[in-house]
Amino acid sequence: IRANDLQTAMVVDEYGGTAGMVTVEDLIEEIVGDVRDEHDDATPDVVAAEDGWRVSGLLRIDEVADATGYRGPEGQYETISGLVLQELGRIPVRGDVVQLSGYEPDGLPSTAARWEAKVVRMDGRRIDQLELTRVRDRSDSVAGRGR
């Protein structure tokens, strides 16, 4: 890209088909992490809420794990909104709630970690913001009150 003074390039797969497009910014962000510019939304990607977190639907699953502790299962998605879409099986509407199973860092299901994702805001057909909450068992609530 730099040698030819280009800003974008088409990505071709091993069969000669078009796999997508990449920009210089995409390459830089893969190396150094997220780069904010004047076109990026100023809203933080993760905000602590009363019972959990408000997260951007564009966050990758590993970013969600780093910020909240939620570890999702392996699947055919990259973002938290992709996981919600997969679990829901349709385009969500504001207010939809999905129960999510938590997973250990080694990829095994966690019996102790159950989570809930609520769609807070949509941007057309895309999940813009979710509220992610760890669901406490009733036994946890009772134990917490000293009963």
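Every number in this text was worked out from the coordinates using simple rules, so none of it is lab data. Model, not experiment: these values are computed from the prediction. Because the Cβ atoms are built from the backbone with ideal geometry, glycine has one as well, and the counts that use them run over all protein chains shown.
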Query raised in the report: Most exposed first by the Cβ proxy, i.e. fewest other Cβ within 10 Å, how do D106, D66 rank?
Result: D106, D66
Requested in this report: Starting from the range 71-104, pick out the GluC sites (Glu not before Pro) whose DSSP state is loop and whose Cβ has at most 12 other Cβ atoms within 10 Å.
Outcome: E74
Query - Helical segments meeting 18 Å axial Cα length and Kyte-Doolittle 0.5 threshold in the chain (DSSP H) - result: none
Query raised in the report: Just from its helices, what would the mean residue ellipticity at 222 nm be for the chain, if runs of 4 or more DSSP H residues each count -39500 (n - 2.57) and the sum is divided by every residue, rounded to the nearest 500 deg cm²/dmol?
Result: -6000 deg cm²/dmol
Report task. Could you work out which residue, out of D45, D96, D13, moves most in a Gaussian network model of the chain, that is, has the largest mean-square fluctuation with Cα springs under 10 Å? Result -> D13
Report summary line: Kirkwood-based Rg/Rh on the Cα set of the range 46-140 evaluates to 0.94
